[in-house]
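Below is one structure, written out as structure tokens, with a few remarks after it.
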Amino acid sequence: MNYPHNQFGTQLVAEISGGQGNLRIDPNNPQKVLAPYPGGEWAVLDLTPFSVDVQVADAGDYFNSVTTAGGLINAYRAAKRAKPFEEDLSNACDHVSKYAFEFLEHILSRATETLEDDDARRIAGFVTNLDLYSAVKGVESLLNSQADLALLKLAEDQEWALHFDHLAIRCGCSGNNDAKRVVENLQRHHGYTPSQLKGENYYRFDEGWDAYLLYKVLENGQQLRLFIDQSTSGNRSQIIQHWNHAYGYTAHHLAIRATRLVHKKRIEVSLSELISAIENRGFKAMTPTGQYTDGLLEQVFTRPERNRNIPHQIRQRLKQIDETLEVSIENGKLLELLSRREIAHEMKPAYFSLYGITFDNDNPLHTAPVYPYFLPAQAAHVIRTSVTVQG
């Protein structure tokens, strides 16, 4: 089953594990490598590409002609009407506050009034090659973060190609099947699928939350990843359900990575370079993670986009559950910077052929990370950091 994908994973493991780094071939599986955690244990990374049917990139129908801020918002609203989103699902908003809808409308109305047309064109240019779901969520996210907008401008100056890596969507709790409901909609109406690899479709964490992972490849070569998370039932102080109550289904973070052409070969921009560049623009990075993966997956948050306008009624409810929630609820939006090592140039035609796509090195969408998944330890780090570090 999925033999070409497994075979490619085996070839990829052999190619990257023969260097001077810390990665080792898993003796129990030729498609996996081992990376040493700082504490002495080993992380296991399966390099088998996810197996999915190629889908249409349908966001361009709405966003590829945007030239103004007003045009961006009109395109966003039209795209959101085209397919079912969370607000269209029965019971999905039973525990979402009225303020969540006001919060989103404020972001959109503020953009109509104050967003520069150049920024609107940058946002539209970033989302136009995506699908409707990621484009809609991406617009919401980009309009809600000065760090995101700064990154779009920075990429132009540095001549980087920016890549959508993934979105994290906050749901309520497992007791109400909140994430499962969203996942079912994404599979039924938006064409997302879980990975064929055991363990790469669902994570559960001892800290009281769990997450579903979904994937998609578009005909233009774009890869899409979604991280659909929720609080585990019975964990009243776990933050995700409260974020969902306050902010609805807006993204917890949009994760972006960058590549550049060097000697006509596309390579990744390192995490250290991304951090340095964004900090030079005045945006502080928090604690990075993933250095032990030899560049297969490294990530960091910028400081949260703080929201001081949480209604008093929501704050009081949170204080009764846990006093720390009143502060951490303000961390409404974050930018995640990622670096994923690119597959060797010579192997990229074979990689894209797995999806029936002819590789084009001049097409910035034809980026191919060695490791296409998430790592549980780093996912846990993401939530832990976004709660405990205040901006």
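The values are calculated or read from the model by the stated rules, or taken from the named source; none is laboratory data. Computed from a predicted structure; not experimentally measured. Glycine gets a Cβ as well: all are built from the backbone with ideal geometry, and neighbour counts include every protein chain shown. Accessible surface areas use protein heavy atoms only, side chains included; no ligands, DNA or RNA. Shrake-Rupley method; radii C 1.70, N 1.55, O 1.52, S 1.80 Å.
Of the residues 306, 315, which single one is of a type in the set (Lys, Arg), surrounded by fewer than 19 Cβ atoms within 10 Å (Cβ to Cβ), at pLDDT 95 or above and out of contact with any Ser or Thr (no Cβ under 8 Å at 6 or more places or on another chain)? It would help to see each step written out before you state the result.
On the way: 306 fails: at pLDDT 95 or above.
Matching residue, one of 306, 315: 315.
Each row is one residue, and each column tells you yes or no for (1) touching a Pro at 6+ places or on another chain (Cβ under 7 Å); (2) under 30 Å from residue 307 (Cβ atoms); (3) modelled with pLDDT of 95 or more.
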| residue | (1), (2), (3) |
| --- | --- |
| 339 | no, yes, yes |
| 342 | yes, no, yes |
| 350 | no, no, yes |
| 355 | no, no, yes |
| 359 | yes, no, yes |
| 368 | no, no, yes |
Going by what's in this entry, would residue 52 be described as crowded, with 18+ Cβ neighbours inside 10 Å and assigned to a loop (DSSP other than H, G, I, E, B)? yes
Working only within region 1-43, note down all residues that are open to solvent by less than 70 Å² (accessible area, probe 1.4 Å) and aliphatic (A, V, I, L, M). 12, 13, 14, 16, 23, 33, 34, 35, 43
For region 370-386, which residues satisfy the criterion of being open to solvent by less than 40 Å² (accessible area, probe 1.4 Å), farther than 26 Å from residue 55 by Cβ and out of contact with any Pro (no Cβ under 8 Å at 6 or more places or on another chain)? 378, 380, 381, 382, 383, 385
Check region 61-80 and report whether any residue there is crowded, with 16+ Cβ neighbours inside 10 Å, over 22 Å from the mean Cα position of the chain (by Cα), aliphatic (A, V, I, L, M) and assigned to a loop (DSSP other than H, G, I, E, B). yes
Residue 349, sole failed condition from (1) farther than 28 Å from residue 213 by Cβ; (2) open to solvent by 40 Å² or more (accessible area, probe 1.4 Å): (1)
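Residue-wise test of (1) in contact (Cβ under 8 Å) with a residue 24 or more places away in the chain; (2) farther than 30 Å from residue 311 by Cα; (3) not β-branched (Val, Ile, Thr).
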| position | (1), (2), (3) |
| --- | --- |
| 31 | yes, yes, yes |
| 36 | yes, yes, yes |
| 74 | no, no, yes |
| 96 | yes, no, no |
Long-range neighbours under 6 Å by Cβ, at least six apart or interchain, first residue more than 15 Å from residue 106 (Cα to Cα) within region 132-148, second open to solvent by 10 Å² or more (accessible area, probe 1.4 Å) and at pLDDT below 95: 147/283
